[in-house]
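The values are calculated or read from the model by the stated rules, or taken from the named source; none is laboratory data. Since this is a predicted model, take the numbers as computed values, not measurements. All Cβ positions, even for glycine, are placed from backbone atoms using ideal geometry, and neighbour counts span all protein chains on display. When the accessible area is computed, the model is the full protein with side chains, heavy atoms only, and any ligands, DNA or RNA have been set aside. Shrake-Rupley method; radii C 1.70, N 1.55, O 1.52, S 1.80 Å.
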Amino acid sequence: KGTDKSINFKLLMKAFENPPSLIIDCANCADPHTLFGYVSEEQLDSVYVMNAEAIYRFRDTLLEVPYWARRLGVNGIFITTMGALFSYDNEDENHNVIEHCWEIMKRISEEHAVFVAVDQRYFLFAEAFADTKIF
């Protein structure tokens, strides 16, 4: 957990240090070009990125993750902070969708290692759903 910029950078570095990896990019920060100087070109070959720019797209992407994780043979699934996801300003609906996303992530974690960058907004969800907390 931490600020968006610092925690997302740490999460991305962990993904590149443990390839093959799948990154679900909710924060629009997983541009591998920003990591030049930190990761090698070889590391770029085995890290995959799926974009999730909207709250419903994130949910739909999570539903596809088990298929892609098996197909790509990834060691871990890395999810950037969710605070920037586009939504329609309905707090109750957003809460329900995000809660469902955490339920899906929990299910995925039964078969795959899942790492989630969590900002202040989602600490309570992380407390409720995460098996291991790394602070």
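Summary table
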item: Between region 34-79 and region 1-33, the Cα center-to-center distance that results, in Å; result: 9 Å
item: Theoretical ellipticity at 222 nm over the chain - DSSP helices of four or more residues, -39500 (n - 2.57) apiece, nearest 500; result: -14000 deg cm²/dmol
item: Mean separation of Cα contacts under 8 Å (6+ apart) over length of region 26-135, as relative contact order %; result: 31 percent
item: Of all accessible heavy-atom area on region 10-71, the percent that carbon and sulfur account for (1.4 Å); result: 50 percent
item: Computed label-point distance, nm, for sites residue 71 and residue 34 using a 7 Å Cα→Cβ extension; result: 2.6 nm
item: Spatial extent of region 1-97: Rg and Dmax, with the Cα atoms as the point set, Å; result: 13.8, 44
item: Gain upon complete extension [residue 10, residue 96; 0.36 nm per residue less C-alpha separation]; result: 28.2 nm
